[in-house]
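Just below is one structure, and these are the notes that go with it.
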Amino acid sequence: MSHLIYDPAKSGSKMTVVFFISGSGTNYREIVNRDPGHNYLVFTNRPDCGGVAFAKQFNHEVIVLSHVPYLKDVRKKYGAGKVPRNCPERIKFEQDAVQLIENKLSRIPDLVCLAGYDQWTTDWLVDKYFPRLLNVHPGDTVKGYDGLHWVPSAKAILAGDDVIRSTLFIVDNGEDTGPVLVQSAALNIASSLKRLEVGGEAGLLDALNRIKHFTDQNNIKGYPAFTAEASPELATDMERICRKLQDELKVFGDWEIYPYAVHDLIARGRVALEDRQVFIDGKEMPVYGMRLD
């Protein structure tokens, strides 16, 4: 039997939404701008980040707890960037953060939105809030285009895709593997680069053609093979192209699907889940969810 993620008939028209933010906070900004009328709270592990500035503009309460003291010693043990996802120190950090959040709210939030949050979420946090924990990814998670920042666009190019998409999903215990709610409209790679060239970004299409020629001639399949075999110049070309595509996808992908999922779907009681199967308006969704094409 499916269950609504949020039921406005039982809980009212105003959701209590908590954002986890470490960076610019633009996804948070876009969600709030779409509908300022809900109850919003911001949690950050980086009090100087751009998202805190937006929170001050919106007059939203901000809860701050740095992860650094929790992970300082364990980073010495494992090395920077190698601390296990479910180590006790991470779990303790999340438990203390959640206690601060729920003490402030005097309740459990209706929705938790990861919005540029730079820490791994542990199984403890996922299990506590599933299926009310959301994240957006600058790539097609159904196709397995994982990775940070511009890497998913690179994986799409190397797979021979002509388009890229952002994916809004429910966070599970994997890495960008949760049930998909919404995918953005397809953003054509070549057309986007051409538009950027018209705006003054010279050489993007030529760089893309050099990459495609190299991968075709050398039978390069996938991102690991490309990073192992490509020259420094081609690697630089790939990063430059994909950073530009990521910026485009943020505007035309992330900033469209995150507010839409929160306000037009979840807040209206339109999204239900049965195990990992997503239903929207009672209709069983395909694995890629609803596409905004």
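Among the numbered criteria (1) in contact (Cβ under 8 Å) with a residue 12 or more places away in the chain; (2) more than 27 Å from Pro224 (Cβ to Cβ); (3) part of a helix (DSSP H, G or I), which one does Cys113 miss?
Answer for Cys113: the failing condition is (3).
Among the helices (runs of 4 or more DSSP H) lying completely within region 182-240, list those that include at least 1 residues that are within 30 Å of Val262 (Cα to Cα) and without any contact (Cβ under 8 Å) to a residue 12 or more places away in the chain.
Once the helices (runs of 4 or more DSSP H) in region 182-240 are filtered for at least 1 residues that are within 30 Å of Val262 (Cα to Cα) and without any contact (Cβ under 8 Å) to a residue 12 or more places away in the chain, what remains is 189-198.
State whether one or more residues within region 70-84 are farther than 30 Å from Asp7 by Cα, surrounded by fewer than 16 Cβ atoms within 10 Å (Cβ to Cβ), touching a residue at least 40 places away in the same chain (Cβ under 8 Å) and touching a helix residue (DSSP H, G or I) at 6+ places or on another chain (Cβ under 8 Å).
no
Name the residue that is modelled with the lowest pLDDT, counting only residues in region 218-242 that are surrounded by 12 or more Cβ atoms within 10 Å (Cβ to Cβ) and of a type in the set (A, V, I, L, M).
Result: Ile220.
Taking into account only those residues within region 251-269 that are charged (D, E, K, R) and in contact (Cβ under 8 Å) with a residue 40 or more places away in the chain, which is surrounded by the fewest Cβ atoms within 10 Å (Cβ to Cβ)?
Among them, the one singled out is Arg268.
Just checking, does region 103-114 include any residue being within 12 Å of the chain's Cα centre (by Cα) and either surrounded by fewer than 21 Cβ atoms within 10 Å (Cβ to Cβ) or within 22 Å of Val17 (Cα to Cα) (or both)?
yes
Being surrounded by fewer than 24 Cβ atoms within 10 Å (Cβ to Cβ), touching a residue at least 40 places away in the same chain (Cβ under 8 Å) and either touching a Lys or Arg at 6+ places or on another chain (Cβ under 6 Å) or β-branched (Val, Ile, Thr) (or both) is the filter here, so list the residues in region 144-169 that pass it.
Trp150, Val151, Ile157
The values are calculated or read from the model by the stated rules, or taken from the named source; none is laboratory data. Model, not experiment: these values are computed from the prediction. Backbone-built Cβ (ideal geometry, glycine too); neighbour counts: all protein chains shown.
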